[in-house]
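**Q** Okay, here's the structure, questions in a sec.
The values are calculated or read from the model by the stated rules, or taken from the named source; none is laboratory data. Computed from a prediction, not measured in an experiment: that's the story for all the values here. A quick note on method: Cβ atoms are made from the backbone with ideal geometry, for glycine too, and the neighbour counts reach across all protein chains shown.
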Amino acid sequence: MDPIFHKSRYNRDSRSEKEGYDIAQICLNGHCINEAISAAPQLNEDFCHRCGQPTIMQCNNCSAPIKGHLQSSYFTTYHPPAFCYKCGTAFPWTQTRIETAIQLANELENLDANDKNLIASTINDIVHDGPKTTQAATRFKKIMIKAGSAAAESMKKLIFEIVSETAKKVIWPNG
């Protein structure tokens, strides 16, 4: 097991502070079931109580555990990661949102075929934080203005959780 994860490991000086990340349990739609399976195993579920999808605790590609709650941070909000820290593969909830956003873009009536293709090619660049992110986010924002406020709001609800922080600041500067 990766050294950043633990199974109820305590500091040697007998303090009760745990080190590293716990392991999270997330459903295939991205609902967090348990952000700390070692600390609170009684919260585990085989299927999501919100949507009925199966739950996972490791990457389907490389079997690395899903990073859960950081043990030394008591007052943080946990959000399921979009990608595996070990192999970089999109988790199922991320991949589904990307695919659905591309499908939604193809259904938007106020956009021509070129704009629809641009959105489809831009989605990956706004989800991954890299050199193309700012340019892609600017392009995405311009096209969504053309698409109209209802379409833009639908797209925001769909992808906000998986878009990189850099892209969020460009596309939705006020949150």
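**Q** Could you tell me whether any residue of the range 108-130 is among the hydroxyl-bearing types (Ser, Thr, Tyr) and buried (at least 20 other Cβ atoms within 10 Å of the Cβ)?
**A** Yes; the residues of the range 108-130 include at least one that is among the hydroxyl-bearing types (Ser, Thr, Tyr) and buried (at least 20 other Cβ atoms within 10 Å of the Cβ).
**Q** Which residues, counting only those in the range 131-166, are surrounded by fewer than 17 Cβ atoms within 10 Å (Cβ to Cβ), outside any helix (DSSP H, G or I) and not acidic (Asp, Glu)?
**A** Pro131, Lys132, Gly148, Phe160
**Q** Oh, and also: How do the pairs read when you match residues in the range 121-143 that are free of Cβ contacts under 8 Å to residues at least 60 places away in the same chain with residues anywhere that are basic (Lys, Arg) and assigned to a loop (DSSP other than H, G, I, E, B), using Cβ under 7 Å and keeping only pairs 6 or more apart or on different chains?
**A** Asp125/Lys132
**Q** Is there a residue in the range 108-121 that is part of a helix (DSSP H, G or I) and within 17 Å of the chain's Cα centre (by Cα)?
**A** No: zero hits.
**Q** Which pairs do you get when a residue that is farther than 15 Å from Ala137 by Cβ, found in the range 149-175, comes within reach of a residue that is of a type in the set (Phe, Trp, Tyr), reach meaning Cβ atoms under 9 angstrom, with the pair 6+ apart or on two chains?
**A** Pairs that qualify, where the first residue is farther than 15 Å from Ala137 by Cβ and the partner is of a type in the set (Phe, Trp, Tyr), are Glu161/Trp93.
**Q** Given the conditions (1) modelled with pLDDT of 95 or more; (2) farther than 30 Å from Ser38 by Cβ; (3) surrounded by 20 or more Cβ atoms within 10 Å (Cβ to Cβ), report the number of the one that Lys169 does not fulfil.
**A** Unmet for Lys169, out of (1) modelled with pLDDT of 95 or more; (2) farther than 30 Å from Ser38 by Cβ; (3) surrounded by 20 or more Cβ atoms within 10 Å (Cβ to Cβ): (3).
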